[in-house]
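Beneath this line is the structure, given in structure tokens, with notes to follow.
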Amino acid sequence: MPPVFAHGRLRLYLLKLLDEAPRHGYEVIRLLEERFQGLYAPSAGTVYPRLAKLEAEGLVTHATEGGRKVYSITEAGRAELADRGGELADLELEIRDSVSELAAEIRDDVRGAAGALRREMRAAASATATPVEDASWAAAKEELRKAKQEWKEQARRAKDESRRAREEAQQARRQAKEAQERAREEVMRIAGQLQDQFAKSGGMLGNLAGSWLGGSTGGAGAAAGAGGTTGSAGGTEAAGAAADSHWAEDLAPTGDPARDLDRLLDRFRDDVRDAARDHGVTPARLAEVRAHLAAAADRLAQTLRPSR
């Protein structure tokens, strides 16, 4: 018999079943049997160890209800399922092929059994050289009819399952393509926003530093301006940045400018890391970010350098 699931594919299909709804182990086995129209039913020794392994990997969790373990997929499991959308579509096609092969084996077995039955009946008739009793002949014909009917029913189920698997595979491919397109559009949108911010403020770091300098040390800036020691360009840019940005306004001043600056730099680092984690970093983006960081660092150094 050909293998129903290739190596590692049962694990992926278990995640798909649990993504549909939380289930206990027996329900997973029953669903697999239904998906294969009764042609394949995995044993408990096949399903439960894989569920336990998925749980150990953090992809599945379980709760006990009525003395049974009910398994649910975790966010990490959903993320892996989304990442392997194309592989899942291929798996649906593989299941369709497996169902077709199993149905073909059953069809061949039925044909072989029917042929063997005919041969046995002919041999018995020849050996006895007497007419076969009507009851025996009728019983044999009925058995043959039932075997043919069973084969037709299983062939029909296999055909229906094959069609359903093909439709689900096509739908999964469409969904994976749409998800990739949405992700690409989101990345392009964010990249455009970043470019606009850099163009308007001379770099994100300069904008953030200007916001802090304008908001947290406004009194000191005013005093310095009265004494004639603050450069007009630096003061104007800082005040403009403060007016244009509400970034990190939730960080209340502590009275220690050096500590406030550290908190702002920590917030900036966290925001950039979050953006990189959510949208990824390519070599081209890294080069662009490096250039922006270099310009912003130089701008901050000039801002913090004592005026002459």
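Annotations for the structure displayed:
- Enumeration of residues in the stretch 28-62 that are under 24 Å from the mean Cα position of the chain (by Cα) and without any contact (Cβ under 8 Å) to a residue 24 or more places away in the chain: Ile29, Leu31, Leu32, Tyr48, Pro49, Ala52, Glu55, Ala56, Glu57, Gly58, Thr61, His62
- Checking Glu186 against (1) assigned to a helix (DSSP H, G or I); (2) out of contact with any His (no Cβ under 8 Å at 6 or more places or on another chain); (3) at pLDDT 60 or above, the condition it does not meet: (2)
- Residues satisfying the stated conditions in the stretch 292-303, i.e. without any contact (Cβ under 8 Å) to a residue 12 or more places away in the chain and open to solvent by 60 Å² or more (accessible area, probe 1.4 Å): Ala294, Asp298
- Filtered residues of the stretch 255-271 (kept if without any contact (Cβ under 8 Å) to a residue 12 or more places away in the chain, assigned to a helix (DSSP H, G or I) and surrounded by 10 or more Cβ atoms within 10 Å (Cβ to Cβ)): Arg259, Asp262, Leu265, Asp266, Arg269, Asp270, Asp271
- Leu208 modelled with pLDDT of 85 or more, open to solvent by less than 40 Å² (accessible area, probe 1.4 Å) and either touching an Asp or Glu at 6+ places or on another chain (Cβ under 7 Å) or not polar (S, T, N, Q) (or both): no
- Among the residues of the stretch 11-43, those that are outside any loop (DSSP other than H, G, I, E, B) and within 18 Å of Arg157 (Cβ to Cβ) comprise Arg30, Leu31, Leu32, Glu33, Glu34, Arg35.
- Restricting the stretch 21-66 to residues that are at pLDDT below 90 and of a type in the set (S, T, N, Q) leaves a set whose member that is surrounded by the fewest Cβ atoms within 10 Å (Cβ to Cβ) is Ser43.
- Pair list, Cβ under 6 Å, 6 or more apart: the stretch 1-23 residue more than 17 Å from Glu168 (Cα to Cα), other residue at pLDDT below 90 and assigned to a helix (DSSP H, G or I): Pro2/Glu101; Val4/Ser98
The values are calculated or read from the model by the stated rules, or taken from the named source; none is laboratory data. Everything quoted here is computed from the prediction, not taken from an experiment. Counting neighbours? That spans all protein chains shown, and the Cβs are built from the backbone with ideal geometry, glycine included. Side chains included, ligands, DNA and RNA excluded: accessible areas come from the protein's heavy atoms. Shrake-Rupley method; radii C 1.70, N 1.55, O 1.52, S 1.80 Å.
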